[in-house]
Amino acid sequence: MKCFHIVVLPGDGIGADVVAEGVRVLRAVESKLTNLTFQLAEHPCGAGEYLKNGDPLPASTMQACRQSDAILLGAMGLPNVRWPGGTEMAPQLDLREEMELYAGVRPIRLYHPAHSPLKVSEGIDLVLYRENTEGLFASRKNTRPTGATEVIDSLRVSRRASERLFRAAFRHAQRRRKHVTLVDKANVLPSMAFFREIFNEIAAEFPGVCADHVYVDAAALYLVQHPQRFDVLVTENMFGDILSDLAAGIVGGMGMAPSGDIGDHNAVFQPSHGSAPDIAGKGIANPIATILSVAMMLEWLPSEEARRGAAMVYSAVERFCEDPDRATPDLGGSMTTQQTGEWIAADLMR
């Protein structure tokens, strides 16, 4: 019997709502499989924790995360809780940087044509790899001098971070349709020209994978006009942050967008959406992104049994989405957060 230790960070806003359904589905997988168990430990983290105890990421939570097999996270941050410099508290970014979770993996899949604002006749199925530890986000902890009349943020691209990201993206493409697209702005920014140079070097290590490049503005256009052209996209931190939301929009919104922040030894799995405090506790948040993030976690864990569980979750979500009326309000339905989780958990138990 294999037991995995999972840290659960519900966080802020709707984080607790959607994580509860992710845990429900995880427990259903556990009861279905005979050689797999999960020890779940919930820990405080987020803007709400800062308001209570003065630290959005307590040292005890960070230690538990480092010692876990994986981390399931809900949502972090509250719009009105900010650092003195004006930026929101984002302990999920601290986790990425402290634990070197360099690959932000954002699967984008259309489960039903009715979910998309596009007129699509064929499926959308791509994965965006976002560099998580540097890029323009490298400036996020800089202080802004009082009375400053100019503020400059720097975009950092290092060979080490870029190489490991690109190799991860190419390895993923080998398991898919064998096509990686670099998204950059190499025609304007020297850092992006360097990024592309490294990408081309790593591409040569994977001769069986087709590699090409698209400028970020063109990528935004193509994602709307013809998203089926993409398999695996790989890009810098800020570009990935923006494009992953755009891509989520073409498959139904943030409630359908799971993610994993993955390093060589640790990983965090979470829905791509924010904390949405205005709807917290109302039972209308879409938990599917969290449930799909649970499936990603099961895929990542070093266990064939866990990967069987992941396939079960994906299949149950597919069956749930076969009827477009079976949906939460963000997709035009009337099902609650809890009803959605209960349906998917019950389905995979059959």
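FYI, it's all coordinate maths here, none of it is from the lab. Since the model is a prediction, treat every value here as computed from it, not as a measurement. When we count neighbours, we look across all protein chains shown, and the Cβ atoms used for this are built from the backbone with ideal geometry, even at glycine.
For the chain, return all DSSP H helices satisfying: extent of Cα atoms along own axis at least 24 Å; mean Kyte-Doolittle hydropathy at least -0.5.
Values: long enough: 15-32 (26 Å, 0.29); 304-321 (26 Å, -0.21).
Both cut-offs are met by 15-32, 304-321.
Let me understand region 1-133 better: what is its radius of gyration from the alpha carbons, and its Dmax, in angstrom?
17.4, 51
At GLU122 and MET349, where each label point lies 7 Å from the Cα along Cα→Cβ, what is the point-to-point distance in nanometres?
Computed distance between label sites GLU122 and MET349 equals 4.0 nm.
Return the single residue from GLU304, GLU134, GLU163 with maximal mean-square fluctuation; model: Gaussian network over the chain, springs between Cα atoms under 10 Å.
GLU304
Most mobile of VAL188, VAL317, VAL23 per a Gaussian network model of the chain (Cα springs, under 10 Å)?
Between VAL188, VAL317, VAL23, it is VAL188 that shows the largest mean-square fluctuation.
If amide hydrogens are placed 1.01 Å from N in the peptide plane, which non-local residues have theirs closer than 5 Å to the one on MET89?
Distant-sequence amide H within range of MET89: LEU78, TRP83.
Given labels modelled 7 Å from the Cα in the Cβ direction, how far is it in nm from ARG175 to ARG308?
For ARG175 paired with ARG308, the spin-label model returns 1.8 nm.
By average Cβ neighbour count within 10 Å, what is the ranking of 284-293, 198-207 from highest down?
284-293, 198-207
Order 214-225, 172-183 from most to least packed using the mean count of other Cβ atoms within 10 Å.
Working: 214-225: 16.1, 172-183: 19.0.
Going from most to least packed, we get 172-183, 214-225.
Just to confirm my numbers, what's the Cα centroid distance between region 114-173 and region 59-101 in Å?
Each part reduced to its Cα centre gives a spacing of 17 Å.
So if we plug the beta-carbon distance of CYS210 and GLU163 into 1/(1 + (r/R0)^6) with R0 = 22 Å, what FRET efficiency do we get, rounded to 0.05?
Working from the Cβ atoms, E equals 0.70.
When ranked by the protection proxy of mean other Cβ atoms within 10 Å per residue, highest first, what sequence do the peptides 123-130, 60-67 form?
Details: 123-130: 22.4, 60-67: 16.0.
Ranked by mean Cβ neighbours within 10 Å, highest first: 123-130, 60-67.
Assuming R0 = 25 Å, what is the FRET efficiency of ARG82 and LEU189, from their Cβ-Cβ distance, to the nearest 0.05?
On the way: r = 29 Å, r/R0 = 1.15.
That pair, ARG82 with LEU189, gives E of 0.30.
From the P(r) of region 151-241, could you give the percentage of C-alpha pairs in the tail past 15 Å?
58
How much of the DSSP bridge set in the chain is antiparallel, in percent, rounded to the nearest 5? The partial results should precede the final answer.
Values: 17 of 45 bridges.
If I count the DSSP bridges inside the chain, around 40 percent turn out antiparallel.
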